[in-house]
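The values are calculated or read from the model by the stated rules, or taken from the named source; none is laboratory data. Keep in mind it's a predicted model, so treat the numbers as computed, not measured. Using ideal geometry, Cβ is built from the backbone for each residue, glycine included, and neighbour counts are taken over all protein chains shown. Side chains are part of the model used for accessible areas, which takes the heavy atoms of the whole protein and leaves out ligands, DNA and RNA. Shrake-Rupley method; radii C 1.70, N 1.55, O 1.52, S 1.80 Å.
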Amino acid sequence: MGRRRALQVAAAGMGLGLVGTAQGSRATRKSNAVDVMLNWNANSTQAGYFVAKRKGFYDEQGVTVTEFVPGQGGTFAAKQVGLGRQGFGLSDAASVLTARSKGLPVRSYGTSQQRSDGVVYTVEKVFGRKLEKPKQLQGKTLAAPKDSPMTTLTKAVLKRAGVLDSVNFLGVAPEQQTPMLLSGNADAAIAIFDSPTALRRKGYDASAIRLADYMPTVGRTVISRPKFAERNPKTVRGFLRATAKGWAWAANNPKRAMDVMVDAKPSLAQSRKMGVFKIKYTTNNLVTGDNGRWGWQRPKSWNTVSKALFRTGVVPKTDVRAAWTNDYLDTEYEYIESYEGQVESGR
């Protein structure tokens, strides 16, 4: 045994572990027990995953989800999974392609949101009028979350509209978009769909454009390392089956799904009404695609994102087909193949 390996074994024996080494091996070797890196802190847009764990759907598939680990965005999740620190993660196409361009072995195995949930929004007292199309952002300043795939997609949308070079992106910390907008430091802001809704409920004349309307893309994805998937195909397939069932249950029971989220994170009780709205919006507008399947990934969407990232200088040309696969989606499983048929009662 070499000196480095001896030190690793000794550290593990003392309960210390070696970050990146111990975690990396756990996320690569054969295992049905996995951690899941969230794209952000626990919130109701992730309800399907928490429901699947709480209702025992993962256990039914022989998969043990040991922990949902809070994240710092899709880019961060792709990096952590690529480094082997978690078995699964919640990310997005732009983040996966960016991570792969940096040599990180990460791949998407199912799309839990077929469209981006990002928006560019503003209020009339700041913008002076209703925001209805990307070209109106010419010469404006946008409060943009740093290292966010939504910011990347916004740049791609503005590139298509021919106004990207005139727009100033004001990098802000997470959840500071609205304060920067209302203070007048930004003309508009980039966030997810609930931000303009929250402003309207407070009496502001808020308007927004949805990124998905201008950039057919891939929303939230389930990611892992290719080696982990190859060594644990039953775990990957089982995780996807259980997650699909969890989302169907959440779609049919949004208020009860919110109860699950509050149990997981009690502070969410303070915004329960908004949480239920987010579950309904997610399940009705983002989860299913045009073929009625859960998780199915479309080549056109991935190619669109890849080309947009290349044209805006975010990533070089890459083998986009290697970044995703439908091979682990069990299309004979009712909650995947006929997902929309399972949630009609909740519509």
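Scan the helices (runs of 4 or more DSSP H) fully inside the stretch 168-241 and keep the ones with 1 or more residues being out of contact with any strand residue (DSSP E or B) (no Cβ under 9 Å at 6 or more places or on another chain) and of a type outside the set (Ser, Thr, Tyr). Give the derivation first.
Details: elements: 177-182, 194-201, 226-231.
Passing ranges, in order: 194-201, 226-231.
Considering each of GLU332, GLU230, GLU337 in turn, give the residue that is open to solvent by 60 Å² or more (accessible area, probe 1.4 Å), acidic (Asp, Glu) and touching a residue at least 40 places away in the same chain (Cβ under 8 Å). Explain how you work it out, then say what you get.
Working: GLU332 fails: touching a residue at least 40 places away in the same chain (Cβ under 8 Å); GLU230 fails: touching a residue at least 40 places away in the same chain (Cβ under 8 Å).
Sole residue among the options that is open to solvent by 60 Å² or more (accessible area, probe 1.4 Å), acidic (Asp, Glu) and touching a residue at least 40 places away in the same chain (Cβ under 8 Å): GLU337.
Go through the stretch 268-295 and give me each residue that's part of a loop (DSSP other than H, G, I, E, B), polar (S, T, N, Q) and either open to solvent by 60 Å² or more (accessible area, probe 1.4 Å) or in contact with a Pro (Cβ under 9 Å, 6 or more places away or on another chain) (or both).
Taking the stretch 268-295 first, the residues part of a loop (DSSP other than H, G, I, E, B) are 287-294.
Of the ones still in play, those that are also polar (S, T, N, Q) are 288, 291.
Result: ASN291, single match.
Criterion first (open to solvent by 10 Å² or more (accessible area, probe 1.4 Å) and touching a Pro at 6+ places or on another chain (Cβ under 7 Å)) does ALA198 satisfy it?
On the way: open to solvent by 10 Å² or more (accessible area, probe 1.4 Å): yes; touching a Pro at 6+ places or on another chain (Cβ under 7 Å): no.
When the stated conditions are applied, ALA198 does not pass them.
One residue is enough: does the stretch 149-158 have a residue meeting the conditions touching a Ser or Thr at 6+ places or on another chain (Cβ under 7 Å) and of a type in the set (Lys, Arg)?
There is at least one residue in the stretch 149-158 that is touching a Ser or Thr at 6+ places or on another chain (Cβ under 7 Å) and of a type in the set (Lys, Arg).
So which residues in the stretch 70-85 are more than 13 Å from the chain's Cα centre (by Cα) and open to solvent by less than 30 Å² (accessible area, probe 1.4 Å)?
First pass over the stretch 70-85, keeping only residues more than 13 Å from the chain's Cα centre (by Cα): 79-85.
Residues satisfying the conditions are GLN80, VAL81, GLY82, GLY84.
Restricting attention to the stretch 28-69, report how many residues are more than 26 Å from GLU334 (Cα to Cα) and crowded, with 24+ Cβ neighbours inside 10 Å. So that I can check it myself, show each step before the final result.
At the first step, the residues of the stretch 28-69 found to be more than 26 Å from GLU334 (Cα to Cα) are 28-30, 37, 39-43, 67, 69.
When the remaining residues are screened for being crowded, with 24+ Cβ neighbours inside 10 Å, the result is 37, 39.
Of the residues in the stretch 28-69, 2 are more than 26 Å from GLU334 (Cα to Cα) and crowded, with 24+ Cβ neighbours inside 10 Å.
Go through the stretch 305-329 and give me each residue that's buried (at least 17 other Cβ atoms within 10 Å of the Cβ), in contact with a Ser or Thr (Cβ under 7 Å, 6 or more places away or on another chain) and of a type in the set (Ser, Thr, Tyr).
The answer is SER306, and nothing else.
Let's see how each residue does on (1) open to solvent by less than 70 Å² (accessible area, probe 1.4 Å); (2) touching a helix residue (DSSP H, G or I) at 6+ places or on another chain (Cβ under 9 Å); (3) among the small types (Gly, Ala, Ser):
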residue	(1), (2), (3)
ALA156	yes, yes, yes
ARG160	no, yes, no
LEU164	yes, yes, no
VAL167	yes, yes, no
LEU170	yes, yes, no
LEU182	yes, yes, no
ILE190	yes, yes, no
ASP194	yes, yes, no
LEU211	yes, yes, no
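I'd like to check something: does the stretch 113-133 contain any residue that is free of Cβ contacts under 8 Å to residues at least 24 places away in the same chain and farther than 30 Å from TRP294 by Cβ? Break it down stepwise before answering.
Start the filter on the stretch 113-133 by keeping residues that are free of Cβ contacts under 8 Å to residues at least 24 places away in the same chain, which leaves 128-129.
Filter once more, keeping what is farther than 30 Å from TRP294 by Cβ: 128-129.
Among the residues of the stretch 113-133, at least one is free of Cβ contacts under 8 Å to residues at least 24 places away in the same chain and farther than 30 Å from TRP294 by Cβ, which makes the answer yes.
Filter the stretch 226-267 for residues that are hydroxyl-bearing (Ser, Thr, Tyr) and in contact with a helix residue (DSSP H, G or I) (Cβ under 7 Å, 6 or more places away or on another chain) and give the result. Reasoning before the result, please.
So the first thing to find is which residues in the stretch 226-267 are hydroxyl-bearing (Ser, Thr, Tyr), and the list is 235, 243, 267.
Correct list: THR243 only.
For the stretch 129-152, state whether one or more residues are closer than 21 Å to ALA322 by Cβ, at pLDDT below 95 and part of a helix (DSSP H, G or I). If you could, list the steps in order and put the result at the bottom.
The initial filter retains those residues of the stretch 129-152 that are closer than 21 Å to ALA322 by Cβ, namely 149, 152.
When the remaining residues are screened for being at pLDDT below 95, the result is 149, 152.
Subset that is part of a helix (DSSP H, G or I): 149, 152.
Checking the stretch 129-152: at least one residue is closer than 21 Å to ALA322 by Cβ, at pLDDT below 95 and part of a helix (DSSP H, G or I).
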